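Each reported figure results from applying straightforward, stated rules to the coordinates on display, with no laboratory input. Because the structure is a prediction, the values reported are computed rather than measured. Please note: Cβ atoms are built from the backbone with ideal geometry, for glycine as well, and neighbour counts cover all protein chains shown.
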Amino acid sequence: MKKCFTINPMRTTEDFLEYEKLLSKGIFQGIEIFYPYTLSDSSKKTYTENVEKIHKKYPEVEVVMHLPYGRDNDLCDFTNYQKIVDRLKEGIIYTSQFKTKKLTLHLGAVKEEISREVYIEHIVPILRDLCNFSKTYKMAVMIENMPGKGELGFSPEEILTIIQKVNLPNLKFILDTGHAHVSGYENPLYIRTLRDYLYHMHFSDNDRSTDQHKRIGLGNIDFKEIFFELAKADYNELHCLEVIFNRPEELLDFAQDMDRVSR
């Protein structure tokens, strides 16, 4: 199993030194970073330099980019989406220095009074544009499943429909176990429906009430059935921990959790 963990832009240089120690043990084969566009110039420089140090010291460690998301990066905003597309492209250019091949993407929010089909038709040309731009850098765009019906990319079938309508080989799927559990659609259903496009995983646990980013075993997600379906799908890409933690060394325990439930 290839393991991964996320590094948000607020992590300190001291944290990065601890990450280097973790990577030296060979337990993790990937990191998922974020485009630090909201930081001050000095903080952005520090984050970038710290990621670059890891990339140079451990070139075999895969670097995944989580593109900007949230209210300010809503691709379903019919008025402002082009500005957001431009920001996402800036993020793609930024992460190309780390030889990134995978881009995690949230699609955006939907309004109940507007048909989801309208949003799907809106997002298809946007995704084609992003995929064609990403192709220049040999990257794939990955749609992440969302926990609530107020966002596009909610059900397995909706994501499958979008991917098939875009019809480009570098549009993929990333499964977030916590999002799936909250959505009410079981994780195995996402895997079975989208196994041909599954390219990355976010692992965290919750009690199904909200997306809590808990350590595996502290919620009620059935991870054994997830790994059973992943084996059937012959999934061999990264398994990325997206768990809230204080000290980087906690990731060693989280990695052991993953080994335990995968047996």
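Taking the simple approach of a point 7 Å from Cα along Cα-to-Cβ for both Ser43 and Asn220, what is their distance in nm?
Distance between label points: 3.8 nm.
Restricting everything to alpha-carbon atoms, can you work out Rg to Rh for the chain with a Kirkwood hydrodynamic radius?
Rg/Rh: 0.94.
Given a Förster radius of 30 Å and the C-beta distance between Glu121 and Lys99 as r, what FRET efficiency does 1/(1 + (r/R0)^6) yield to the nearest 0.05?
In this case the efficiency is close to 0.30.
How much length, in nm to one decimal, is gained on full extension between Lys89 and Glu52, taken as 0.36 nm per residue of separation minus their Cα-Cα distance?
Fully extending the segment from Lys89 to Glu52 adds 11.3 nm.
What does the charge dipole of the chain about its Cα centre add up to, to the nearest 20 debye, if the Cβ of each Lys and Arg holds +1 and the Cβ of each Asp and Glu holds -1?
Its charge dipole is roughly 760 debye.
In whole Hz, with x marking every Gly and Pro, tabulate ³J(HN,Hα) for segment 119-136 from phi via Karplus 6.51 cos²θ - 1.76 cosθ + 1.60, θ = phi - 60°.
3J(HN,Hα) across segment 119-136, in whole Hz: 5, 4, 5, 5, 7, 4, x, 5, 5, 4, 4, 5, 5, 5, 5, 5, 4, 4.
Residue by residue through segment 89-95, which ³J(HN,Hα) values in whole Hz follow from phi under the Karplus form 6.51 cos²θ - 1.76 cosθ + 1.60 (θ = phi - 60°), with glycine and proline marked x?
Couplings: 5, 4, x, 5, 4, 4, 7 Hz.
Between Asp77 and Glu60, 0.36 nm times their residue separation minus their Cα-Cα distance comes to what?
Full extension from Asp77 to Glu60 adds 2.3 nm.
Using alpha-carbon pairs under 8 Å, 6+ residues apart, how would you state the relative contact order of the chain in percent?
Contact order relative to length: 17 percent.
Highest first, please rank the peptides 3-9, 253-259 by the mean number of other Cβ atoms sitting within 10 Å of their residues.
Top of the packing list down: 3-9, 253-259.
Go ahead and estimate [θ] at 222 nm for the chain from helices alone: -39,500 (n - 2.57) per DSSP H run with n ≥ 4, summed, over the residue count, rounded to 500.
-13500 deg cm²/dmol
Please report the antiparallel percentage of the DSSP beta bridges confined to the chain, to the nearest 5.
So the antiparallel bridges in the chain amount to around 5 percent.
Could you check the simple spin-label distance between Leu189 and Arg263, using points 7 Å along Cα→Cβ, in nm with one decimal?
Roughly 3.2 nm, to one decimal.
Which net charge results when you count Lys and Arg as +1 and Asp and Glu as -1 among the other residues whose beta-carbon is under 10 Å from that of Leu107?
Residues near Leu107 contribute -4 overall.
Give me, ordered by chain and number, the residues 5 or more places off His66 or on other chains with an amide H under 5 Å from its own placed amide H.
Those qualifying (amide H under 5 Å, at least 5 residues apart or on another chain) are Ile33, Phe34, Tyr35, Thr104.
Label segment 1-148 by shape, choosing from rounded, prolate and oblate, from the square roots a ≥ b ≥ c of the eigenvalues of the Cα gyration tensor; if a/c is under 1.5 it is rounded, and otherwise prolate applies when a/b is larger than b/c, oblate when it is not.
prolate
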